[in-house]
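The values are calculated or read from the model by the stated rules, or taken from the named source; none is laboratory data. As the structure is a prediction and not an experimental result, all values here were calculated from the model. We place every Cβ from the backbone using ideal geometry, glycine too, and count neighbours over all the protein chains shown. The area values use the complete protein model at the heavy-atom level, side chains included, leaving out ligands, DNA and RNA. Shrake-Rupley method; radii C 1.70, N 1.55, O 1.52, S 1.80 Å.
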Amino acid sequence: MRRRDLLVSTGLAVPGVFAAATTSGAERQARPVGVAMVGLGSYARLVMERTRGLPQIVVTGLVSGDRERATPLARDYGIPADAVYTYANFDRLAQDERIDAVHICLPVGLHAQFAEQALNAGKHVICEKPLAASSTQARRLARLAVERSRVLMPAYRAWFSPHVQEVRRRVVEAVHGPLVAIDAHKGFRMELPAGNWRFDPKLAGGGCLYDIGVYSVQLCRWLGGGVPKQVMAVTGHDASRPQAIEDHVAFTFEFETGVIATGSASWRHRLQNRLHVATRDSWMCLDPATPVIGERLTVGLERPNRIEELGLPVTDQLPRMYQHFADCIAGRARPQVSAEDAIDDLRVMEAIYASAQQRRAVSVM
Ligand code: NDP
């Protein structure tokens with residue numbers, strides 16, 4: 001494993017897609033960054049709850065198509081009624097100086113449209129996963145962010161897990177010998193009703209791969225060293241859903257370094273969420289791997305032969321992610337996971353779909 005591979009994979013060596021708000025950095029330090037939540041579904045409300053009270057970043061606006069949901073939420077968070085927007089008057093955010101940034105928590109198929117509008121309105125953007133419905137859309141957003149000198153950060157909360165970072169450190173530093181293999185899986189029984197946006201190809205962009213497989217893709221890439229040279233995949237489909245919405249996917253990545261990663265995602269079985277990493281002298285097991293909070297890391301060593309559970313502190317990823325976003329806006333940091341990473345994840349996921357459809361190994365385009 002070469003250190004440079006991991007730097008590239010996390011965008012740290014790709015300055016082209018980072019756009020810091022350099023002109024407004026000093027001003028940003030004077031007051032907390034104001035964020036508008038866009039789409040007030042279950043995840044947006046969880047983020048609001050978990051990031052409440054942070055000194056550097058505060059939710060100061062809401063964007064929703066549902067006034068009955070937005071009004072009590074605004075009251076609860078002390079957001080004035082005139083900072084509650086709809087999708088139809090979203091462009092007015094441009095004039096609202098209380099709002100520096102937006103967090104896009106919409107169905108995936110709407111990410112690019114609203115992220116683009118926000119960047120054009122001069123706002124910084126943190127956007128839920130995956131960044132867009134395609135790598136083409138995501139590239140366009142990254143270019144726009146650079147043109148507008150705004151931060152565009154994928155909301156990849158798992159990066160902010162100390163457990164994930166500990167596994168990554170041990171891999172990068174070859175603490176237990178060279179990396180051999182990675183296996184990442186995430187799945188649960190999908191019980192949302194048929195009309196949910198996750199089953200509409202236009203709104204979802206993909207099926208369980210886009211919804212939760214993106215975590216397995218991220219973990220394999222963060223540890224495996226960037227973009228795999230070859231991808232093989234199989235998807236499974238529930239006949240009651242559109243063909244574009246797979247409910248099971250399994251994939252294999254072959255990295256330039258020789259490391260082989262396997263990953264999968266499923267909406268078919270009870271909750272599972274794990275990462276298994278094999279190095280020459282150890283195995284590392286993160287289970288659960290990517291919950292919002294509550295990861296557990298166990299390491300099996302060969303010499304001396306023992307199994308250790310690492311009692312790392314229980315840390316909520318969402319405040320850490322928000323804090324980092326605020327630091328990027330203030331010019332104190334560069335996004336540790338960049339738009340370029342999110343573009344690469346989409347390229348890899350597109351290769352997974354292509355491989356499954358063509359029933360052969362494919363290169364990442
Ligand atoms: P929900 O269905 O709960 O919420 C989506 C919200 O988007 C709706 O409540 C609605 O808000 C708004 N919306 C606008 N247009 C539409 C439309 N045409 N159809 C449906 N909803 C619409 O989804 P989630 O909160 O679970 O997911 C939202 C985003 O967050 C997705 O990108 C998802 O991938 C991501 N996510 C990330 C997680 C993570 O751990 N990082 C976990 C879960 C989801 P309103 O009524 O206010 O207009």
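Annotations
- Boolean, ARG98 is over 21 Å from ARG45 (Cβ atoms) and away from the ligand (no atom under 15 Å from the Cβ): no
- Number of positions in segment 339-363 that are open to solvent by 10 Å² or more (accessible area, probe 1.4 Å) and within 20 Å of ARG143 (Cβ to Cβ): 4
- Complete set of residues in segment 272-285 that are of a type outside the set (Ser, Thr, Tyr) and either more than 16 Å from the ligand (Cβ to nearest atom) or surrounded by fewer than 19 Cβ atoms within 10 Å (Cβ to Cβ) (or both): GLN272, ARG274, HIS276, VAL277, ALA278, ARG280, ASP281, TRP283, MET284, CYS285
- Candidates GLU147, GLU166: the one that is in the same structural domain as ALA121 (by TED's automatic domain parsing) and either more than 13 Å from the ligand (Cβ to nearest atom) or on the phi > 0 side of the Ramachandran plot (or both) is GLU147.
- Among residues of segment 274-292 that are touching a residue at least 40 places away in the same chain (Cβ under 8 Å), those with a beta-carbon under 8 Å from a residue that is part of a loop (DSSP other than H, G, I, E, B) and within 16 Å of the ligand (Cβ to nearest atom) at least six positions away or on a different chain give the pairs ARG274/PRO288; ARG274/ALA289; LEU275/ALA289; LEU275/THR290; LEU286/GLU295; ALA289/GLU295; THR290/SER161; VAL292/ASP316.
- Figure legend. Inter-residue proximity from segment 82-101: first residues among the basic types (Lys, Arg), second residues open to solvent by less than 100 Å² (accessible area, probe 1.4 Å) and within 16 Å of the ligand (Cβ to nearest atom), beta-carbon distance below 7 Å, spacing 6+ or different chains. Indicated pairs: ARG92/TYR85; ARG98/GLY61; ARG98/ALA83.
- Residues in segment 197-253 that are touching a residue at least 60 places away in the same chain (Cβ under 8 Å), part of a strand (DSSP E or B) and surrounded by fewer than 20 Cβ atoms within 10 Å (Cβ to Cβ): 3 in all.
- Checking each residue in segment 292-315 for being more than 25 Å from the chain's Cα centre (by Cα), surrounded by 13 or more Cβ atoms within 10 Å (Cβ to Cβ) and of a type in the set (Val, Ile, Thr) picks out only VAL299.
- ARG241 meets each of the listed conditions (1) closer than 22 Å to SER135 by Cβ; (2) away from the ligand (no atom under 16 Å from the Cβ) apart from (1).
Residues are listed down the side, and each one gets a yes or a no for (1) at pLDDT below 95; (2) within 19 Å of the chain's Cα centre (by Cα); (3) of a type outside the set (Gly, Ala, Ser):
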site: ASP96; (1), (2), (3): no, no, yes
site: ASP100; (1), (2), (3): no, no, yes
site: LEU106; (1), (2), (3): no, yes, yes
site: GLY122; (1), (2), (3): no, no, no
site: PRO130; (1), (2), (3): no, yes, yes
site: ARG139; (1), (2), (3): no, yes, yes
site: ALA142; (1), (2), (3): no, yes, no
